[in-house]
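The values are calculated or read from the model by the stated rules, or taken from the named source; none is laboratory data. Keep in mind that what you see is a predicted model, and the values were worked out from it rather than measured. Note: ideal-geometry Cβ built from the backbone for every residue, glycine included; neighbour counts use all protein chains shown. Protein only, heavy atoms only, side chains kept; ligands, DNA and RNA dropped before computing areas. Shrake-Rupley method; radii C 1.70, N 1.55, O 1.52, S 1.80 Å.
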Amino acid sequence: MMKPAVILSLLLGLATAVQAAPNGADLYSQQCAACHGENGKGGVGVPLALESFIDSASDQYLFNTIRSGRPGRLMPAFKTLSDAQVSAIVAHVRSWSKKPAPVYSNARIKGDIEGGKAIYQDKCATCHGHDAQGGSGTGVTFSRPRDLPIIAPALANQGFLASVSDAMIKNTLLNGRQGTPMSSFIKQGLSEKQLDDVVAYIRSLEKKTSQSEVEQALPAYLKYESSESMEDTLAAIKQAAIGANFRIIREQMFEQGYVEKGKEDRKKVILYFCNFNMLSKALAIDPRVGLFLPCRVTLIEKDGKIQMITVNPSAMSKKFNNEELSKICEQMSRLYKEILEEASL
Amino acid sequence: MKKIIFLIVMCLQGLMPVMASEQDVIMIRSRLPFPEAMTTLQNSIIDHQYTLSRVQRVDIGLEKAGYTTDRYRIVFFGKHKEMKAITDESPQMGAYLPLKVAIFAEEDDTMLVVLNPLHFQHITDHPEYNIIFKRWASDIKSILEDVRKAE
């Protein structure tokens, strides 16, 4: 019979072996496929399996991208994955390419930043934006026709600049990306010197994050109180919401569907309302926004007062890593505050 | 002997798949078409002992208002006793309950998005509920896995 110590050492050895070889396909499926597609065809995220992309992206670029993410552009930074796990994902993505991974120098390319800026504004800004902020939308059905394979990347994004080498940027300018609107700028008549200038300009957009840029924590919910009755408070919110161009779509007990009909706690009520124009715009910007739409206020009677509570869209939007969405959420937060302030008077 | 059992348990825990990183927003893609994904989702919610209270048909509302949209629904669910206890003590949680999953079509696939209940730990000032939030988070991940893996 085996001694416990022998069994233990065998199990420990097996555990170490399992953890030493993470499964890239499984990790990709869990962490990446929702946005990039199970086979890398894209969707919310870049089509990683696109030949012209994967053949020209270095493993270092992919690794850095997983680590750094794209602040403000949906792609999160996967900071809790181990290096081995990230490498396994990179290897899985690499398996879609028939060519060996390109390797680029990490040396900076020297060029005329001002000259590069002029070329950028002339040749690149139409797709990548005048401030290199990239194209808009998330890439899913709601925001663009499916015949476009990619939304122009945000070249000024600090996650991109932290991930990419100058040589890889230059390679993209030299060869373009077949299957996307990005064409070779050599074929468009630019010289290599001019490409160096564009690379130098893009690199000049890299910033050092200052302490002032660190986000301040916002409250996760908005809460106001009313001294009026539940009925009067509901009526006041409805009136304020309609006045702010919302349509009342539903009023229900908080416990509806969870207890027998008629036995719900009448001190807890949910009021739903919607501005369909705003909803449509928000879904086009980011379909995940459904997590806090349609608009709603929960009313809870406690200690003789009615508490009017709702999510704080501005706080929620920070979790979505989407600057476009943050703007519309700030507008929603303002509207919520106006409605609830009016109802609490 | 107890020490050996403890060590074996720790060892077996090491064999468990490494948990995904804790994102605030969890999104998965299912290869099922929307109707089948919706059915699988609802069945899994019930299988996990939650009450399914309502489905908000966002797409229908948008279309009635004159907007074009793909299929988009929000599925509400929860456990009554836990929701009641939490909102009695922390009314602010009423903004985030019942739990919900946004489910929408993306070409032939279906996407599901949910706010990780671990996020609720920062909203209530009652740490005794953290164990419930952790269980909800675990259950929701299991539910989403059911939909992701279904064929």
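Restricting the range B:38-51 to residues that are open to solvent by less than 50 Å² (accessible area, probe 1.4 Å) and of a type in the set (A, V, I, L, M), which is nearest to B:T110 (Cα to Cα)?
B:M38
Only one of (1) open to solvent by 40 Å² or more (accessible area, probe 1.4 Å); (2) in a helix (DSSP H, G or I); (3) of a type outside the set (F, W, Y) is not met by A:A200, so which one is it?
Every listed condition holds for A:A200 apart from (1).
Among (1) part of a loop (DSSP other than H, G, I, E, B); (2) within 19 Å of B:D24 (Cβ to Cβ); (3) open to solvent by 10 Å² or more (accessible area, probe 1.4 Å), which single condition is B:L97 missing?
Every listed condition holds for B:L97 apart from (3).
Which of the residues spanning the range A:278-303 are in a loop (DSSP other than H, G, I, E, B), touching a residue at least 12 places away in the same chain (Cβ under 8 Å) and farther than 18 Å from A:Q252 by Cα?
Quick first cut of the range A:278-303, residues in a loop (DSSP other than H, G, I, E, B) only: A:286, A:293-294, A:303.
Keeping just the survivors that are touching a residue at least 12 places away in the same chain (Cβ under 8 Å) gives A:286, A:293-294.
Across the range A:278-303, the qualifying residue is only A:D286.
So which of B:L118, B:L112, B:L144 ends up being within 21 Å of A:L222 (Cα to Cα) and within 15 Å of the chain's Cα centre (by Cα)?
On the way: B:L112 fails: within 21 Å of A:L222 (Cα to Cα); B:L144 fails: within 21 Å of A:L222 (Cα to Cα).
None of the others qualify; the one that does is B:L118.
Only residues that are farther than 16 Å from B:K141 by Cα and more than 8 Å from every other protein chain (Cβ to nearest Cβ): list them for the range B:99-109, please. Write out each step before concluding.
Restricting attention to the range B:99-109, the residues satisfying the condition of being farther than 16 Å from B:K141 by Cα are B:104-109.
If the condition is that a residue be farther than 16 Å from B:K141 by Cα and more than 8 Å from every other protein chain (Cβ to nearest Cβ), then B:D108 is the only one that fits.
Please determine, by comparing only the residues of the range B:142-151 that are open to solvent by 30 Å² or more (accessible area, probe 1.4 Å) and more than 10 Å from chain A (Cβ to nearest Cβ), which one is farthest from B:I45 (Cα to Cα).
Kept after step one, since they are open to solvent by 30 Å² or more (accessible area, probe 1.4 Å), are these residues of the range B:142-151: B:142, B:145-146, B:148-149, B:151.
Checking which are more than 10 Å from chain A (Cβ to nearest Cβ) leaves us with B:142, B:146, B:151.
Numbers: B:S142: 9, B:D146: 10, B:E151: 17 Å.
So, considering only residues that are open to solvent by 30 Å² or more (accessible area, probe 1.4 Å) and more than 10 Å from chain A (Cβ to nearest Cβ), the one farthest from B:I45 (Cα to Cα) is B:E151.
Considering only the range A:30-60, how many residues are open to solvent by less than 20 Å² (accessible area, probe 1.4 Å) and outside any loop (DSSP other than H, G, I, E, B)?
Summing the residues that are open to solvent by less than 20 Å² (accessible area, probe 1.4 Å) and outside any loop (DSSP other than H, G, I, E, B) in the range A:30-60 gives 4.
Output the residues belonging to the range B:121-136 that are under 11 Å from the mean Cα position of the chain (by Cα) and either open to solvent by 10 Å² or more (accessible area, probe 1.4 Å) or closer than 17 Å to A:A34 by Cβ (or both).
The answer is B:R135, and nothing else.
Which of the residues spanning the range B:109-131 are charged (D, E, K, R) and within 22 Å of B:V55 (Cβ to Cβ)?
Keep residues of the range B:109-131 that are charged (D, E, K, R), which gives B:109, B:125, B:128.
Within the range B:109-131, B:D109 is the sole residue that qualifies.
Exactly one of (1) closer than 25 Å to A:D286 by Cβ; (2) open to solvent by less than 10 Å² (accessible area, probe 1.4 Å); (3) out of contact with any strand residue (DSSP E or B) (no Cβ under 7 Å at 6 or more places or on another chain) is unmet by B:S90. Its number?
(1)
Just to check your reading of the model, which residue among B:L32, B:L118, B:L41 is under 30 Å from A:I89 (Cα atoms), part of a loop (DSSP other than H, G, I, E, B) and more than 9 Å from chain A (Cβ to nearest Cβ)?
The unique qualifying residue is B:L32.
Is it the case that the range A:266-279 has a residue that's within 14 Å of chain B (Cβ to nearest Cβ), open to solvent by 30 Å² or more (accessible area, probe 1.4 Å) and either closer than 19 Å to A:S344 by Cα or of a type in the set (G, A, S) (or both)?
If we filter the range A:266-279 for residues that are within 14 Å of chain B (Cβ to nearest Cβ), which is where we start, we get A:266-279.
Within this subset, residues satisfying the condition of being open to solvent by 30 Å² or more (accessible area, probe 1.4 Å) are A:266-267, A:275, A:277.
Those left that are additionally either closer than 19 Å to A:S344 by Cα or of a type in the set (G, A, S) (or both): A:267.
Yes, the conditions are met somewhere in the range A:266-279.
Does A:I306 satisfy being of a type in the set (A, V, I, L, M) and away from chain B (no Cβ under 13 Å)? If you could, list the steps in order and put the result at the bottom.
Working: of a type in the set (A, V, I, L, M): yes; away from chain B (no Cβ under 13 Å): no.
It is false that A:I306 is of a type in the set (A, V, I, L, M) and away from chain B (no Cβ under 13 Å).
Testing B:G66 on (1) in a loop (DSSP other than H, G, I, E, B); (2) within 16 Å of A:R288 (Cα to Cα), one condition comes back false. Which one is that?
(2)
Is there a residue in the range A:115-125 that is under 18 Å from A:F160 (Cα atoms), open to solvent by 20 Å² or more (accessible area, probe 1.4 Å) and within 23 Å of the chain's Cα centre (by Cα)?
For the range A:115-125, residues under 18 Å from A:F160 (Cα atoms), open to solvent by 20 Å² or more (accessible area, probe 1.4 Å) and within 23 Å of the chain's Cα centre (by Cα): absent.
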